[in-house]
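For reference, the structure is listed below as structure tokens.
The values are calculated or read from the model by the stated rules, or taken from the named source; none is laboratory data. Not measured: the values here are computed from a predicted model. As a convention, Cβ positions derive from the backbone with ideal geometry for all residues, glycine included, and neighbour counts pool all protein chains shown. Note: accessible area is taken over every heavy atom of the protein model, side chains too, but ligands, DNA and RNA are not part of it. Shrake-Rupley method; radii C 1.70, N 1.55, O 1.52, S 1.80 Å.
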Amino acid sequence: MTYAASADETADVRAFWEGLGLPGLIDVHTHFMPQRVLGKVWAYFDALGEGVWPITYRQDEAERADLLRRFGVVRYTSLLYPHKPGMAEWLNGWAAEFAAAHDDCLHSATFFPEPEAERYVADALSSGARVFKAHLQVGGYDPRDPLLDRVWGALADAGVPAVVHCGSGPLEGPFTGPGPFGEVLRAHPDLKAVIAHAGSPEYTEFLGLAEQYDGVHLDTTMVFTDFTERMAPFPPEEVPRLKALEDRILLGTDFPNIPYPYVHQLRSLAGLGLGDGWMRSVLYGNGARLFSV
């Protein structure tokens, strides 16, 4: 069944940023991708069983983009990612066309450890890509692969962020966890990396990487929500570190692939009690600075 956001939900989302005096939201972790690819993502979650991970926003592409606008999301991403060689360059072409048709979408791109990666990443950068996605769990690859060394270096040199799913949630992979990507950061200390899902469930270790490297950010995707707190609760004793890293926490949601309404992510962040200034930084200010909005 397709969920239809009510006028009340739209009003509730807008109330968050309007009440904080913001011009809107910047969501660094949303997904738009070719429908047959997105359909496979949805099929994966459906196969977990009825009610385990329902996709809340299963509308068609145009409706989903319009819904973000109605929520007041002034910039969002079309994060996509390959699971095999020969796929990334095609995805990048699709993402470039999507960004050209949606001026509120940050031009997104991706890569895979393959001989062509250095070339097509350079092509994506020259065509205006502003954010990349690396998914170590789904891709099943080692971020330290020599085929990616020049890719990470090119992103660091260009100052273009990569949203990296390197935590071991929801399923551990052979190269997830703070160790492998921590070695990438040691090799490329100037890399701007956004750790997806705040590194869930290895929150403590990824907070440490953010404290060690100025370019490391954490996104809030699904963290602190009732859904994630049941599976991978954020340690209460680490909340003060989120306050200390106020300038490096970014709003992310995983829209549309979330099992609850969008507003729940915002309410969960407010529930941390870190103050209006922190909320303003997370919901808009940090993303605006990182992406020069």
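Here are a few things to note about the model shown:
- Inter-site label distance for A100 and T204 at 7 Å from Cα along Cβ, in nm: 4.9 nm
- Accessible area of the chain belonging to carbon and sulfur atoms, whole % at 1.4 Å probe: 52 percent
- The distance from the alpha carbon centre of segment 14-71 to that of segment 130-170 is 23 Å, rounded to a whole number.
- Considering only segment 107-216, percent of DSSP beta bridges that pair antiparallel, nearest 5: 0 percent
- Equivalent ellipsoid, segment 74-167 (semi-axes from 5 times Cα gyration tensor eigenvalues, Å): 20, 14, 13
- Label point 7 Å beyond Cα of R70 along Cβ direction - residues of segment 263-285 with amide nitrogen under 17 Å: 263-264
- Förster radius 30 Å - calculated FRET efficiency between L147 and D226, Cβ distance, rounded to 0.05: 0.15
- Taking each residue as 0.36 nm, the span from D190 to D123 lengthens on full extension beyond its C-alpha to C-alpha distance by 22.0 nm.
- Using all pairs of distinct alpha-carbon atoms, the Kirkwood hydrodynamic radius of segment 1-115 works out to 15.7 angstrom.
- Hz values of 3J(HN,Hα) by residue in segment 239-248 - Karplus curve (6.51, -1.76, 1.60), Gly and Pro given as x: 4, x, 5, 5, 5, 5, 9, 3, 7, 10
- If R0 is 35 Å, the Cβ-Cβ spacing of A244 and F45 corresponds to a FRET efficiency of close to 0.50.
- In the chain, the calculated helix contribution to ellipticity at 222 nm averages -12500 deg cm²/dmol per residue, counting -39,500 (n - 2.57) for every DSSP H run with n ≥ 4.
- From the coordinates shown, volume of the Cα convex hull per residue in Å³ corresponds to which of [x] 131; [y] 183; [z] 117: [z]
- Residue-wise HN-Hα coupling along segment 127-137, computed from phi with Karplus coefficients 6.51, -1.76, 1.60 (Hz; x: Gly, Pro): 8, x, 4, 10, 7, 10, 10, 10, 10, 5, 6
- Average accessible surface area per residue within the chain, 1.4 Å rolling probe, Å²: 40 Å²
- Separation of the D157 and E18 label points, Cα + 7 Å toward Cβ, nm: 4.8 nm
- Relative contact order computed over segment 55-204 (Cα-Cα under 8 Å; 6+ residues apart), in percent: 19 percent
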